[in-house]
């Protein structure tokens with residue numbers, strides 16, 4: 001898709017989520033300080049801590065956070081492995097995205113709480129969508145996208161791929177659908 005061109009979803013694409021009951025459940029990633037990251041996500045992003053557990057026999061703890069219950073919302077699972085304080089973030093991971101009605105206000109709130117803003121709010125190059133980028137305490141990137149109120153604020157995970165056509169074919173098979181799967185396109189039903 002050329003930069004600046006707007007993706008216009010087909011009617012079939014917009015109707016598909018109403019018929020298909022499958023959904024992404026969660027993304028899992030490792031953090032160096034579980035409590036610090038929970039505090040950042042709850043205070044800066046407004047996520048709720050849904051559950052937290054410690055598994056000493058396996059030497060890890062994890063926590064699930066999101067904008068709604070796991071039964072109906074996509075959530076993040078943060079995992080802390082005992083004794084590991086930091087991780088290298090792979091070159092294939094891009095960012096998570098959170099929809100918000102006012103990116104400028106959210107950035108002000110995050111900055112006031114000591115958050116690391118890596119791209120100031122403003123229109124995306126060649127487009128009109130207002131975005132900003134924030135880095136969490138472990139170095140993971142979150143894109144803030146200005147959108148009207150949505151039932152699912154955690155709306156996108158961006159991955160970099162080596163072969164776009166091969167990746168699209170893979171995801172089409174996974175969802176058993178003939179609808180084109182846009183890797184960096186977020187839609188709301």
With a cut-off of at least 3 residues that are at pLDDT below 90, name the strands (runs of 3 or more DSSP E) lying wholly within segment 93-167.
93-100, 154-159
Can you tell me which residue within segment 44-66, out of those that are outside any strand (DSSP E or B) and within 16 Å of the chain's Cα centre (by Cα), is farthest from residue 85 (Cα to Cα)?
46
Please state which of the following conditions residue 136 fails to meet, knowing it meets all the rest: (1) in contact with a helix residue (DSSP H, G or I) (Cβ under 7 Å, 6 or more places away or on another chain); (2) under 11 Å from residue 97 (Cβ atoms).
(2)
Only one of (1) over 21 Å from residue 158 (Cα atoms); (2) loosely packed, with under 13 Cβ neighbours inside 10 Å does not apply to residue 42, and that is (2)
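The values are calculated or read from the model by the stated rules, or taken from the named source; none is laboratory data. Source: prediction; values computed, not measured. In this analysis, Cβ positions are derived from the backbone assuming ideal geometry, glycine residues included, and neighbour counts consider all displayed protein chains.
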